[in-house]
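Notes for the one structure printed next.
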Amino acid sequence: MKLGLGAIYKVDDRLLFAKQLGIKVDMLQAMRCYPEAGFEGVLIDDHTPGVVGDSDWGHRGRAYSIGYMKALKRCAEMGG
């Protein structure tokens, strides 16, 4: 099933990003699609930006990524 402008595809019980297929994705639109797809799981930052002076684990980059995802979620919920 194709959801929301082709940003996310639902295959069985899995959600597949069009980005995995080499297609650019509007991440705000993707965030809007999660409820439509029935997604109730957690979001994990897969790749984080490199930040000067960051720890080996990438605390600063992860903080940025998680903040970005939270902002996208809030915008999607508010209709932005």
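The values are calculated or read from the model by the stated rules, or taken from the named source; none is laboratory data. Since the model is a prediction, treat every value here as computed from it, not as a measurement. Please note: Cβ atoms are built from the backbone with ideal geometry, for glycine as well, and neighbour counts cover all protein chains shown.
Annotations
- Residue check for Tyr64: at pLDDT 90 or above and assigned to a helix (DSSP H, G or I): yes
- Of the listed requirements (1) in a helix (DSSP H, G or I); (2) out of contact with any strand residue (DSSP E or B) (no Cβ under 7 Å at 6 or more places or on another chain); (3) not hydroxyl-bearing (Ser, Thr, Tyr), Ala30 misses just one: (2).
- Cβ pairs under 6 Å, 6+ apart, first in the stretch 52-80 and within 15 Å of Met27 (Cα to Cα), second at pLDDT 90 or above and not aliphatic (A, V, I, L, M): none
- Any hit, the stretch 39-49, residues being modelled with pLDDT of 90 or more and aromatic (Phe, Trp, Tyr): no
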